[in-house]
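Q: Structure provided below as structure tokens; questions to follow.
The values are calculated or read from the model by the stated rules, or taken from the named source; none is laboratory data. This is a predicted model, so every value here is computed, not measured. Reconstructed Cβ throughout: ideal geometry from the backbone, glycine too, with neighbour counts over all protein chains shown. All accessible areas refer to the heavy atoms of the entire protein, side chains included, with ligands and DNA or RNA removed. Shrake-Rupley method; radii C 1.70, N 1.55, O 1.52, S 1.80 Å.
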Amino acid sequence: MSGESLVAGSFVVADYVVFALMLMVSAAVGVYYAWVDRGQRSSGDFLMGGRRLTALPVSLSLTASFMSAITVLSNPAEVYRYGASIGFYGLSYVMTIVFTSEVFLPVFYRLAVTSTYEYLELRFNRATRLLGTLLFIVQTILYTGIVIYAPALALNQVTGMNLWGAVISTGLVCTFYCTMGGLKAVVWTDVFQLAVMLAGFLSVIIRSVVLKGGVFPIISDSEQGGRLNFWDFDTNPLRRHTFWTITIGGTFVWVSIYGINQAQVQRYISCKSLGHARVSLYINLLGLWSILLCSVFAGMCLYSVYKNCDPWKAGLVSAPDQLMPYLVMDILGDYPGLPGLFVAAAYSGSLSTVSSSINALAAVTVEDLIKPYTNMSERHLSWISKGLSLVYGALCIGMAGLASLMGGILQAAISIFGIVGGPLLGLFTLGILFPFANSKGALSGLVSGLVVSLWVGIGAQIYPPSPEMTRPLPLSTEGCNFTVIDSLNWTSTALPTQLTSITTAPVHNLDSRPGLADNWYSLSYLYFSPIGTIVSISVGLIVSLFTRGYRLKVESRLTLMKEDTTPYYLIKFFKDRVLRRTGKFDLTKDRDKNFGNTNPGFCDTEMDLTKTSIPT
């Protein structure tokens, strides 16, 4: 018996109304900005919002862009199965925002680029720019496929709605408002969708707290079930989640998203000043923390409710990512409209991410693959941007089909960002922080980093790490109600047959596993990004030095200058204040200033005049 048959048809009219309302508001924003900006014909207005956006909407949009349905569905399931250690992402967010605002933001903002990959041509050469652009396009289409597929799973589980009907409708709504309204529509729909995501989480959390009699029983259940496994400081890089893998690996993954990913950079460059851009990043940090806190606590609620009867092991859901929608229907089914709100939250997360991706894909294609090779008017480029939004929308829908084969959604998404984002992060870091890095070093570094991260990433898919390293926590079916469903063998601890759909790779006989499988391929998936970044930088620096990169004269605006950093201004401010204050007590200075020229009879200028009157 599948989960779909148990809950299908449980959506009522109020749920559909809430859900449809979210879709209509998102589409209406696109129509509104298409109408308001109908007089603006340039691709810059469409792709960059005319560079007139302010800090608050941009910060909320930054938060919504990568807080997708993956966060709404997979983070709670992650806590349920592996514990709340992902809460340490909060630390990696802090390091990410500081690094982005101090290193990448000042350079990109100063150059006023539309595509981040324009920087690569300015700093290195066109070949580097093209390779970077193509990698970004592949990475984004793959990731967006996963993001479309995730809420479709939720809809399929909760409402019995056709899975592929849901996938296609998600893609179509996104594509519609991206094509109509450009970046402004994307930013303002993100703001609305972030509010829906938080409301969806809160509805589940509040109902769970009421059901369990308070917050403390939920925390106590999580502690007894081993879910509060925060203090895991094991340095073994093969362990899937520890303090180190999440804070170090997570920082690299998120810097590759915030620092150089077109979808994020495009937002803060569209701010009207550098100050607004910096502030938007720090306000966004509060948004990231609030969503993370909600998703981790929702996972604790999930465990508290099902600690004695795990729906996954019992065969009531066919994949861990369906646990949250199952909980929603279980505890909120009697409250018309609230299940609709939660599904709207998952859907909102998806829409915000997919729309950002489509807009970013259109921007890099116009700026990197069309503009340099053609001589089109701005009006034509604007129409091409809209056409590309349509094309990429269709491509991303197609990619969702591939995502359905990729197993655990959260891990698949982060793996894609690590494998491709790591080497790209290394490439941009080379350009910005190392003035002697040249184009030969940059290209060889990027290719080397990509080869190594693909090697470890694909190896990990083929030979998944052992349970000793992933350490899933125990789940129980002892408390399940035997009388409800007779067709299931509730006492069985084996997983039912339908769970084969979540297997990410074929199970290999231990004897046939290569020697690399138990060390190199078993590395935590969060380390894929640091490996790619470090290899890319190291090879890039070595090749640059051997090819006489130290003779290179690089324009200062293309690298990080001390004047770009906040510490420079803090030190300058501190010095000025200290010197000004100590100056009051400097008696010799005061004497010169206050008493030196009081008598006009002894004034230097008079003596100078007599001096100049002497004929030469």
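Q: Specify the inter-centroid distance of the range 432-484 and the range 260-307, based on alpha-carbon positions, in whole Å.
A: Each part reduced to its Cα centre gives a spacing of 23 Å.
Q: Separate question: Filter the cross-link list 440/572; 184/553; 371/553; 386/553; 272/562; 272/371 down to pairs whose alpha-carbon distance in this structure exceeds 30 Å.
A: Distance filter (> 30 Å) returns 440/572; 184/553; 386/553.
Q: What accessible area, in Å² to the nearest ten, does a 1.4 Å probe give for residue 272?
A: That residue has around 120 Å² of solvent-accessible surface.
Q: Mind giving me the FRET efficiency for residue 394 and residue 162? R0 is 22 Å, r the Cβ-Cβ distance, nearest 0.05 is fine. Working shown, then result.
A: Details: r = 19 Å, r/R0 = 0.85.
Step by step, r from the Cβ atoms, then E = 0.70.
Q: Would you pull out the residues with amide H under 5 Å of residue 316's amide H, same chain only if 5 or more places away, H placed 1.01 Å from N?
A: The answer is none.
Q: Using θ = phi - 60° and the Karplus relation 6.51 cos²θ - 1.76 cosθ + 1.60, list the HN-Hα couplings for the range 233-243 in order, rounded to whole Hz, with x at every Gly or Pro.
A: Result, rounded to whole Hz: 9, 4, 8, 4, x, 7, 6, 4, 10, 9, 3.
Q: Related question: How would 451, 12 rank on accessible area, largest to smallest, probe 1.4 Å? Walk me through the numbers on the way to the answer.
A: Numbers: 451 90, 12 65 Å².
The ranking, largest first, comes out as 451, 12.
Q: Along the Cα→Cβ direction, 7 angstrom out, place labels at residue 548 and residue 458. What is the inter-label distance in nm?
A: 3.8
Q: Let me ask something additional. Taking amide hydrogens as modeled 1.01 Å from N in the peptide plane, which residues meet the under 5 Å criterion relative to residue 239, leaving out close sequence neighbours?
A: For residue 239, the qualifying residues are 524.
Q: Also, I was wondering about something else. Highest first, please rank the peptides 314-327, 416-429 by the mean number of other Cβ atoms sitting within 10 Å of their residues.
A: 416-429, 314-327
Q: With θ taken as phi - 60° and the coefficients 6.51, -1.76 and 1.60, list the Karplus ³J(HN,Hα) couplings across the range 336-350 in order, rounded to whole Hz; mark glycine and proline as x.
A: So the Karplus estimates, Gly and Pro as x, are x, x, 6, x, x, 5, 5, 5, 4, 5, 4, 5, 4, x, 5 Hz.
Q: Tell me the label-point distance for the pair residue 20, residue 557, using the 7 Å Cα-to-Cβ offset, in nm and rounded to one decimal.
A: So the two model labels end up 5.3 nm from each other.
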